[in-house]
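The values are calculated or read from the model by the stated rules, or taken from the named source; none is laboratory data. Nothing here was measured: the structure is a model prediction, and the numbers come from that model. Because the Cβ atoms are built from the backbone with ideal geometry, glycine has one as well, and the counts that use them run over all protein chains shown. The protein model used for the area step is the full one, side chains on, heavy atoms only, and it has no ligands, DNA or RNA in it. Shrake-Rupley method; radii C 1.70, N 1.55, O 1.52, S 1.80 Å.
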Amino acid sequence: MINSYQEALAFIHGRTKFKKIPTLKRMRRFLDELGAPDKRINAIHIAGTNGKGSTLAFLRNIFQEDGKTVGSFTSPFLMKFNERISVNGVPISDSEILRLAQTVYPIVKKLDDELPEGGPTEFEIVTAMMFTYFAEGHADIILIEVGLGGLFDSTNVIVPKVSVITSIGWDHMHILGDTLPKIAAQKAGIIKPGVPVVVGGVDQESLAVIKKTAQKKGSPIQILGTDFTVTDLGESNWQQSFDFKSGTHHFAQLHTGLLGDYQTHNAALAIEAYLVYQQLQNAAAATESVEKGITATQWAGRFERVSTNPTVVLDGAHNTSAVDQIVKLLQTDFSSGHITILMGILADKQADKMVEKMDTIPNATVYLTQFSGPGKRSAADPKKLEHQLETVGDQALIIDDWHEAISTLAGQLAPEDMLLITGSLYFISDVRQYLKDNPRIFK
């Protein structure tokens, strides 16, 4: 039996990550044994290659301004496991994690004995804990982020009020497919019969796949750029401004501390999902809730400024699509001054392409480092990536020890310069903890 928080984490993390054959049958059986908690919650389901977390954060703050208690299910966590299940942005307690693990444990052991392929995976267990917790009535509405893909993701047992697909890009191709339409088909798997779906700005081939799925399911679809629009008004003093229009709704001069036009797109998806949800509830959309919710939104590790003297920014860009967004943001809004970029990337990502794209920024110098990846996943070897950099020269562009890299590179910055630490959510998770434990590192 499980008797402590640490034992609960050991139980969860000790499970297999994947099974050979993707299926939702095991998850459905698991939840039915628990009394089908997923059928007792009010949810919005969010999928996409990038932007899921930011869209969820915007939406959570809008609903909170509406006076609702909002539950969230996100992954991965940055600082502590409990972040994955939160209420109004506050992670649930260690004691709740223990209680939930104790609740699902007997069912997991039963399924281990009864199912030919074995019992639930790690993510299926965490998902079941989340459904169990929120079925107890801890929140008015639950925002559920897909873990991987959509079609066979364990969260996809849910029948939500609204589905959201934020973006389609290159990531997890070994699982989701080697073309964008194949990846789009996996993401579109979250669309349920008759349930409205809100879709971000995706390429035409992917959009065709999503529209076909929605049509087949009889699901109303709202598409960014067609059914609702966002007009980026630029960045000033670390605030991004934009206008939003959807039907008769027009929100002008909205402001967010999450920078980049991709973040205004994420905000637009959240606003549209809110409008669709309110319409389904026969409830008015509150302009003040939208304005205050967008302004209040913060999301750790998304171009997050953690120091102003010197300027140090963390961003969890972990695939080529996310790097494209960062490159555009830096070229548009940070073309003055010099940018030092420190990248730590997981080996199972398109690390070479990520480095190559980042090295196209004219006023930037890219340094490579390595870190301890999560579980059995390892970081990419910087020496195998150095050839992607055009600026080799006499500079030492590889600093193996990332702790040393941060202090060395930050110490070289002029007042108008920036140090951007990026490449992996797992990497910046380690960095955030290090900076928390060493608050005087930039003093």
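Solvent-accessible surface of the chain, averaged per residue with a 1.4 angstrom probe and all protein chains in place: 42 square angstrom.
Taking a ≥ b ≥ c as the square roots of the eigenvalues of the Cα gyration tensor, the range 331-378 is prolate, since a/c reaches 1.5 or more and a/b is larger than b/c.
Bridge orientation summary for the chain: considering DSSP beta bridges with both residues in this region, about 40 percent are antiparallel. Rounded if a/c is under 1.5, else prolate if a/b is larger than b/c, else oblate: which is the range 190-267, with a ≥ b ≥ c the root eigenvalues of its Cα gyration tensor? It comes out prolate by the Cα gyration axes. Cα centroid separation, the range 241-258 to the range 279-298: 11 Å.
How about the range 107-182: which trypsin sites (Lys or Arg not before Pro) there lie in a loop by DSSP and see at most 11 other Cβ atoms within 10 Å?
Values: sites: 109, 110, 161, 182; in loops: 161.
When the trypsin sites (Lys or Arg not before Pro) of the range 107-182 are filtered for loop state and at most 11 Cβ neighbours within 10 Å, nothing remains.
Mean separation of Cα pairs under 8 Å and 6 or more residues apart, divided by the residue count, gives the range 189-259 a relative contact order of 24 percent.
Enumerate the lysines that residue 328 could reach by cross-link, defined here as Cα to Cα under 17 Å, with residues fewer than 8 away along the same chain left out. Here the lysines satisfying the reach criterion relative to residue 328 are 353, 357. For the chain, set up a GNM with springs between Cα atoms under 10 Å and report which of 351, 185, 405 has the largest fluctuation. Evaluated over the chain, the most mobile residue of the options is 405. Placing a label point 7 Å from the Cα of residue 243 along the Cα-to-Cβ direction, the residues of the range 207-230 whose backbone N falls under 13 Å from that point are 229-230.
What shape does the range 138-222 have by the C-alpha gyration tensor, where a ≥ b ≥ c are the square roots of the eigenvalues, rounded means a/c under 1.5, and otherwise prolate means a/b greater than b/c and oblate the rest? The shape class here is oblate. Using a cut-off of 23 Å between Cα atoms, the listed pairs 25/187; 349/384; 182/211; 19/384; 25/110 include 19/384 as exceeding that distance.
When only Cα pairs under 8 Å and 6 or more residues apart are kept, what is the percent relative contact order across the chain?
Working: 869 pairs, mean separation 68.0, N = 443.
Rounded, it is 15 percent for the chain.
Loop-located trypsin sites (Lys or Arg not before Pro) in the range 300-392 (DSSP state other than H, G, I, E, B) with a sparse environment of at most 14 neighbouring Cβ atoms within 10 Å: 376, 377.
Hey, which aspartates and glutamates would be in cross-link range of residue 212, C-alpha to C-alpha under 15 Å, not counting anything within fewer than 8 residues on its own chain? Here the aspartates and glutamates satisfying the reach criterion relative to residue 212 are 203.
Return the single residue from 414, 57, 380 with maximal mean-square fluctuation; model: Gaussian network over the chain, springs between Cα atoms under 10 Å. Checking each option, the largest mean-square fluctuation is seen for 414.
Centroid-to-centroid, using Cα positions, the range 106-123 and the range 1-76 are 18 Å apart.
Note on residue 192: aspartates and glutamates with a C-alpha under 16 Å away, same-chain residues under 8 apart excluded, are 38, 145, 153.
Over all directions, the average projected area of the alpha-carbon convex hull for the range 94-147 comes to how many nm²?
Values: hull surface 17.5 nm².
Mean shadow area of the hull around the Cα atoms is 4.4 nm².
Rolled with a 1.4 Å probe across the full set of protein chains, the surface gives residue 94 an accessible area near 60 Å².
Using Cβ point charges alone (K and R +1, D and E -1), the dipole size of the chain about the Cα centre works out to roughly 1480 debye. The GNM of the chain, with springs linking C-alpha atoms under 10 angstrom apart, assigns the highest mean-square fluctuation among 184, 139, 283 to 283.
Could you tell me what percent of the DSSP beta bridges with both partners in the range 22-171 are antiparallel, to the nearest 5? Can you show the working numbers first?
Working: 5 of 17 bridges.
Looking only at bridges with both residues in the range 22-171, the antiparallel portion is about 30 percent.
Solvent-accessible area assigned to carbon and sulfur over the chain amounts to 49 percent, based on a 1.4 Å probe.
Is it possible to state the helix-based mean residue ellipticity at 222 nm for the chain, with each DSSP H run of 4+ residues giving -39500 (n - 2.57), the sum divided by total residues, to the nearest 500 deg cm²/dmol? What is it? Can you show the working numbers first?
On the way: 14 runs with 167 residues, N = 443.
Here the helix-only value at 222 nm equals -11500 deg cm²/dmol.
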